[in-house]
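K.L.:
Please find one structure pasted underneath; my questions will follow.
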Amino acid sequence: MGAFIVRRLIYSLVIILGASIAAFSLIRIVPGDPARIMAPNASEEQLATIREELGFDRPIPVQFVDFVKSAIKGDFGHSAFLKEDVGTVIAEGLPYTLRLALTALALALIVGVTLGTIAALFQDRFLDRAILTIAVLGQSMPAFWFGLVLILIFSVRLGWFPSFGYKGPKYLILPAVTLAISLLATLIRSTRLVMVDVLAQEYVKAARARGLRRRTVVFRHAIPNILVPLLTVVGVQLGYLLGGAVVVEAIFNVPGIGLTILNAVLRRDYPVVQAVTILMAGGFVLINTIIDISYGALDPRIRREMTR
Amino acid sequence: MTETRSRKPAQTSASLINTSFNRRTLLKGAAAASGVAALNSPIARRAPWIKRASAQDDGRGTITLLSAEPFFGSWDPSSHTILANIHAEWNCFDRLMALDWETKELKPQLAESWTFVEPTVLELKLRSGVTFHDGSPFGAKDVKASLEYMTSDQVAHRAWYREQLQVEVVDDLTVRIRTQSPYPGLLYTLPVTSIMAEADVNNPDRLKERYNGTGPFKWKDYSQETLTFEANDEYWGGPPQLAGFSYQYVQDPGTRLAALQTGEAHVIERVESEQIPEIEANPDLRVDTTLTTENKWLIFKAKMPPMENKLLRQAISFAIDRDLIVDSILEGHGRVCDAHVAPIFFGYKPQENTPTYDPERAKALLAEAGYPNGEGLDTLVYVTSVGFYPKTREYGQYITQALGEIGINIDFQAKEPAAWLEMLYAETGAHLFDTGWMPPGIDPDLVLKAFFYSGGRITYYDDEKINALLDKEGTADPEERLTIIGDELLPALMEEMPALPLFTSELISGVSNKVPAFKANPNSTWDLKDVSLQE
């Protein structure tokens with residue numbers, strides 16, 4: 001198990017290093033000059049002064065080496081646009097994004113597993129079809145459209161929820177529902193698929209034959225056995241939740257790291273783009289590592305495999 | 001896996017790995033970690049939004065304005081030419097004089113009176129008893145420091161001035177500005193320059209940290225892309241009618257509109273024309289339209305062959321139906337240009353030789369240029385931006401089609417603003433460019449000299465005749481100057497056509513009726529001192 005974790009950590013570091021090289025070079029390859037964005041009408045001499053102040057006048061390899069040296073010490077540079085250290089920018093934005101992503105995940109899990117299980121129990125009947133229709137609709141709706149529809153109905157028309165920003169928990173509801181909707185659809189379909197399979201297993205039939213109630217069979221025997229496949233789905237989808245947060249935070253103007261990186265890309269705020277990309281890549285890798293390790297906790301058969 | 005339980009407070013990573021690790025402990029751990037994270041999150045402790053609540057506003061109320069453009073986080077007014085920053089500065093700093101946008105007359109602000117004591121010396125008498133927001137007194141030394149710094153070669157604000165100003169302090173409340181030659185445009189350029197404290201100018205790091213002006217609103221905070229200001233109740237012109245305001249960057253136009261409709265914002269910038277009916281249908285809201293100082297241009301890059309060919313530039317100008325662009329594509333929100341400056345500028349005079357849509361004449365000019373039906377003419381690259389100026393892609397596609405009809409092939413490229421901006425200022429890269437130019441003042445040199453003088457910005461246009469006319473008007477006495485601009489310079493520009501002025505932009509803002517006095521200025525700024533919030 002220990003060797004497995006060490007191996008995964010080494011892979012993770014390699015991936016994060018690759019992501020930092022990609023983030024550093026790609027944002028500089030795309031056209032756009034941060035100095036020109038700051039002072040559109042300035043002369044070349046004035047732009048040169050701004051570039052020198054920002055440190056962007058040095059050769060790119062030199063900038064990269066300096067960036068890596070500083071990043072190792074936890075210093076990700078300074079945002080000229082936000083007038084803050086990038087570490088502070090992330091520390092301010094990350095809680096909003098985590099709160100949004102975790103709320104969306106919780107929503108999707110509770111509703112998705114429940115509806116997926118109900119669909120499996122009523123396989124090929126009306127309820128199953130109705131739930132699957134909801135899943136297909138959820139998967140087909142683009143987040144930016146669904147978010148705007150929610151704003152129009154629940155903020156503009158009904159006035160139940162605020163439309164933008166974050167000043168308290170009620171600001172979280174519409175963005176979380178928007179972010180949850182595609183994951184919800186995936187979870188309904190996955191839960192149903194796995195649950196149908198599990199319910200057809202011999203041990204489930206045996207449990208029913210022993211006279212156990214259907215509810216007991218589902219909660220005691222079926223649900224624990226769908227956890228590992230579901231965990232795989234959730235693990236992959238968590239990464240997409242972080243990606244989806246960029247769109248949802250932009251629609252609702254939630255000041256998380258999704259909105260931060262979107263604005264940073266638009267105005268070529270290099271230090272912020274670099275740091276947030278690395279953070280997101282690191283988050284993705286970390287989630288997947290935790291999921292892999294969790295398999296062992298949830299399934300004794302896999303735990304034995306890992307310890308060999 | 002070894003099943004061992006440890007109750008030691010500190011565990012090594014190895015012992016953690018070896019600790020009992022099953023479904024139950026995982027779920028318990030996750031629940032505990034979530035709870036701890038929620039209680040200890042920086043958000044729970046810092047609650048940054050509480051600072052922005054409007055409850056402590058002594059009954060006057062605070063308002064929220066949403067910006068369509070991000071801020072540049074250096075608060076040194078010299079270091080940028082970004083409109084969002086200029087809007088915020090406008091209410092925190094005073095200038096020496098202000099412009100009455102209706103009468104085009106200058107009004108005293110920090111200068112109470114001014115006179116040219118010599119053709120190259122402007123003397124200004126300053127207002128007494130004024131203090132900066134940090135409590136330091138305002139005087140001649142601050143004017144000297146501000147003007148010399150704001151017009152120095154190394155700062156971006158220099159773009160608006162012909163030369164670096166030399167300022168002499170006569171006494172505590174009198175200064176003299178000396179120029180190298182007569183500078184009639186100076187009076188109408190000074191109203192775009194913020195006056196800062198000398199101590200701040202001498203300490204650039206401090207200057208970048210916050211605004212410290214003498215204006216009606218004081219700097220309070222900047223976080224999460226939001227600037228907040230509070231009333232300066234010691235303002236020399238009397239206390240503002242608002243307790244404060246916040247100005248927040250919200251990139252998405254749909255989000256800005258929803259915030260206005262729900263009452264979370266009082267003013268939103270850059271409303272798109274298709275959003276207007278929704279605002280007009282709401283009795284609590286209104287649309288504020290202002291014809292601006294900004295012309296939208298089809299720039300011909302002079303250093304990109306064959307754009308040096310005047311007849312080709314003229315052919316293109318006659319091939320485009322600008323009425324159609326304004327009436328159909330912009331739905332009437334703009335005004336077709338009939339001069340190389342917008343109507344609000346000094347010296348503006350509608351020009352009789354303005355090209356009107358005439359495809360037959362365009363074809364004849366194209367043939368005269370050496371390209372009958374476009375033969376022998378390579379494809380021209382035309383670059384525009386999408387995401388900031390309204391309808392650029394739509395009228396860009398129309399222009400592409402219109403030029404195609406006379407035989408000019410266009411490679412039309414719509415780019416996001418940062419990529420477009422980098423190409424816009426380069427000498428080469430494309431033949432035709434779409435851009436706007438919104439000077440903060442109404443002196444014609446802010447446009448004409450910037451664009452067309454001796455290898456001007458963006459156009460790189462350099463013509464002896466135009467240079468001579470610009471030199472002539474730049475040093476003439478004010479009345480003669482207007483004649484030179486209206487009767488000589490503007491007709492010459494229409495003939496030479498270094499750039500085609502398409503239309504004068506209309507600034508469209510969405511405004512809550514709770515702020516009845518709000519009105520955007522033609523340079524897109526707003527004066528909030530006399531704006532009140534009526535619940």
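K.L.:
Let me check the size of chain A from its C-alpha atoms; what are the radius of gyration and Dmax in Å?
P.N.:
Just the Cα atoms of chain A yield Rg and Dmax of 23.8, 86 Å.
K.L.:
Give the aspartates and glutamates reachable from B:Lys363 as a straight Cα distance under 19 Å; neighbours fewer than 8 places away on the same chain don't count.
P.N.:
B:Glu308, B:Asp321, B:Glu375, B:Asp378, B:Glu405, B:Glu495, B:Glu496
K.L.:
Along the Cα→Cβ direction, 7 angstrom out, place labels at A:Ile110 and A:Asp85. What is the inter-label distance in nm?
P.N.:
Between A:Ile110 and A:Asp85, the simple spin-label model gives 3.8 nm.
K.L.:
Calculate, in whole percent, how much of the Cα-Cα pair population of the stretch B:104-147 lies beyond 11 Å. Walk me through the intermediate numbers first.
P.N.:
Values: 680 of 946 pairs.
So the portion of pairs separated by more than 11 Å is 72 percent.
K.L.:
Another question about this same structure. Rg and Dmax of the stretch B:46-186, Cα atoms, in Å?
P.N.:
Here Rg and the maximum Cα pair distance are 18.0, 59 Å.
K.L.:
Where Rh is the Kirkwood radius over the Cα pairs of the stretch B:196-241, the temperature 4 °C and the viscosity 1.567 mPa s, what D in µm²/s does Stokes-Einstein return?
P.N.:
Values: Rh = 11.7 Å.
Calculated translational D: 110 µm²/s.
K.L.:
Further, regarding this structure: In debye to the nearest 20, how big a dipole does the protein assembly as shown give about its Cα centre with +1 on each Lys and Arg Cβ and -1 on each Asp and Glu Cβ?
P.N.:
Numbers: 81 positive and 97 negative charges, 1481 e Å.
Dipole about the Cα centre, nearest 20: 7120 debye.
K.L.:
Mean-square fluctuation check for chain A, GNM, Cα pairs under 10 Å: which of A:Tyr240, A:Tyr203, A:Tyr11 is largest?
P.N.:
A:Tyr203
K.L.:
Also, quick follow-up: Along Cα→Cβ, 7 Å out, is where each label goes; now give me the distance between the ones at A:Ala209 and A:Leu266 in nm to one decimal.
P.N.:
Here the modelled spin labels are 6.4 nm apart.
K.L.:
Kindly flag which residue pairs out of B:Lys296/B:Lys514; B:Lys349/B:Lys465; B:Lys104/B:Lys296 have an alpha-carbon separation exceeding 28 Å in this structure. Mind dumping the intermediate values first?
P.N.:
Working: B:Lys296/B:Lys514 32 Å; B:Lys349/B:Lys465 20 Å; B:Lys104/B:Lys296 22 Å.
Beyond 28 Å between Cα atoms: B:Lys296/B:Lys514.
K.L.:
Using a 7 Å offset from Cα along Cα-Cβ at B:Lys310, what residues in the stretch B:454-478 end up with backbone N under 14 Å from the label point?
P.N.:
Residues B:462-469 fall inside that zone.
K.L.:
Ok, one more. Can you give me the angle between helix A:60-72 and the longest principal axis of chain A, using Cα atoms only, in degrees from 0 to 90, rounded to the nearest 10?
P.N.:
Between the helix axis and the principal axis of chain A, the angle is about 60 degrees.
K.L.:
Work out the mean other chain Cβ neighbour count within 10 Å for the residues of A:90-103 and drop it here as an integer.
P.N.:
Across A:90-103, the average partner-chain Cβ count within 10 Å equals 3.
K.L.:
Right, another one. Can you tell me what share of the DSSP beta bridges in chain B is antiparallel? A percent to the nearest 5 is fine. Walk me through the numbers on the way to the answer.
P.N.:
Numbers: 55 of 72 bridges.
Around 75 percent antiparallel, to the nearest 5.
K.L.:
Kirkwood Rh over alpha-carbon pairs of the stretch B:353-493, then Stokes-Einstein at 25 °C and 0.890 mPa s: what D in µm² s⁻¹, rounded to an integer?
P.N.:
Numbers: Rh = 17.3 Å.
Stokes-Einstein gives a translational diffusion coefficient of 142 µm²/s.
K.L.:
Just the projected area, averaged over all directions, of the convex hull on the alpha carbon atoms of the stretch A:8-101: how many nm²? List each step's numbers first, then the result.
P.N.:
Working: hull surface 31.9 nm².
That works out to 8.0 nm².
K.L.:
Count, for each residue of B:247-257, the Cβ atoms from other chains sitting within 10 Å of its Cβ, then give me the mean as a whole number. Before the final figure, lay out the partial values.
P.N.:
Working: counts 0, 4, 3, 5, 6, 10, 0, 7, 10, 3, 3.
That works out to 5 on average.
K.L.:
In Å, what Rg and Dmax follow from the Cα atoms of the protein assembly as shown?
P.N.:
Considering the protein assembly as shown through its Cα atoms, Rg and Dmax are 31.5, 110 Å.
K.L.:
Hey, any idea what the orientation-averaged projected area of the convex hull of the stretch A:68-189's Cα atoms comes to, in nm²?
P.N.:
For the stretch A:68-189, the mean projected area of the Cα convex hull comes to 10.6 nm².
K.L.:
Could you work out the percent of alpha carbon pairs in chain B separated by over 45 Å, rounded to a whole number?
P.N.:
Details: 36175 of 142845 pairs.
Within chain B, distances greater than 45 Å cover 25 percent of Cα pairs.
K.L.:
Kindly express, to the nearest 10 degrees and within the range 0 to 90, the angle between helix A:86-121's C-alpha long axis and the longest C-alpha principal axis of chain A.
P.N.:
Orientation of helix A:86-121: about 20 degrees from the principal axis.
K.L.:
Once phi is turned into ³J(HN,Hα) by the Karplus curve 6.51 cos²θ - 1.76 cosθ + 1.60 with θ = phi - 60°, what whole-Hz value does each residue of the stretch B:389-404 show in order, with x for glycine and proline?
P.N.:
Couplings: 6, x, 6, 5, 5, 5, 6, x, 5, 5, 4, 4, 5, 5, 5, x Hz.
K.L.:
Have a look at A:Ala104, A:Ala185, A:Ala91 and tell me which one the Gaussian network model of chain A (Cα, springs below 10 Å) gives the largest fluctuation.
P.N.:
Taking springs between Cα atoms under 10 Å, the residue moving most is A:Ala91.
K.L.:
In terms of Cα to Cα distance under 20 Å, which lysines are near enough to B:Lys144, apart from those fewer than 8 places away along the same chain?
P.N.:
Filter leaves B:Lys125, B:Lys208.
K.L.:
Tell me the mean residue ellipticity at 222 nm calculated for the protein assembly as shown from its helices only (DSSP H runs of n ≥ 4, each -39500 (n - 2.57), averaged over every residue, nearest 500).
P.N.:
So the helix-based figure for the protein assembly as shown works out to -14000 deg cm²/dmol.
K.L.:
Out of all DSSP beta bridges with both ends in the protein assembly as shown, state the antiparallel percent to the nearest 5. Intermediate results must be reported in sequence, preceding the final value.
P.N.:
Values: 57 of 74 bridges.
For the protein assembly as shown, the DSSP antiparallel bridge percentage is about 75.
K.L.:
Another question about this same structure. For each of B:Glu427, B:Glu473, B:Glu496, count neighbouring Cβ atoms within 10 Å of the residue's Cβ, then give the residues from fewest to most. Kindly include the intermediate steps, with their values, before the conclusion.
P.N.:
Working: B:Glu427 12, B:Glu473 24, B:Glu496 16.
By the 10 Å Cβ count, ascending, the order reads B:Glu427, B:Glu496, B:Glu473.
K.L.:
Can you work out the FRET efficiency for the pair B:Ser532 and A:Ile173, with r the C-beta to C-beta distance and R0 = 41 Å, to the nearest 0.05? The partial results should precede the final answer.
P.N.:
Details: r = 33 Å, r/R0 = 0.82.
FRET efficiency, B:Ser532 to A:Ile173: 0.75.
K.L.:
Another question, if that's okay. Which of the listed residues, B:Leu66, B:Leu403, A:Val149, is farthest toward the dipole's positive end in the protein assembly as shown, when Lys, Arg count +1 and Asp, Glu count -1 at the beta-carbon?
P.N.:
Positive-end residue among those listed: A:Val149.
K.L.:
Let me ask something else. Please report the equivalent ellipsoid semi-axes of the stretch B:279-325, computed as sqrt(5 x eigenvalue) of the Cα gyration tensor, largest first, in whole Å. Spell out each step's value before the answer.
P.N.:
Numbers: eigenvalues 295, 33, 12 Å².
The three semi-axes for the stretch B:279-325 are 38, 13, 8 Å.
Just so you know, all these numbers are worked out from the coordinates, no wet-lab data involved. From a predicted model like this one, the values you see are computed outputs, not experimental measurements. A quick note on method: Cβ atoms are made from the backbone with ideal geometry, for glycine too, and the neighbour counts reach across all protein chains shown.
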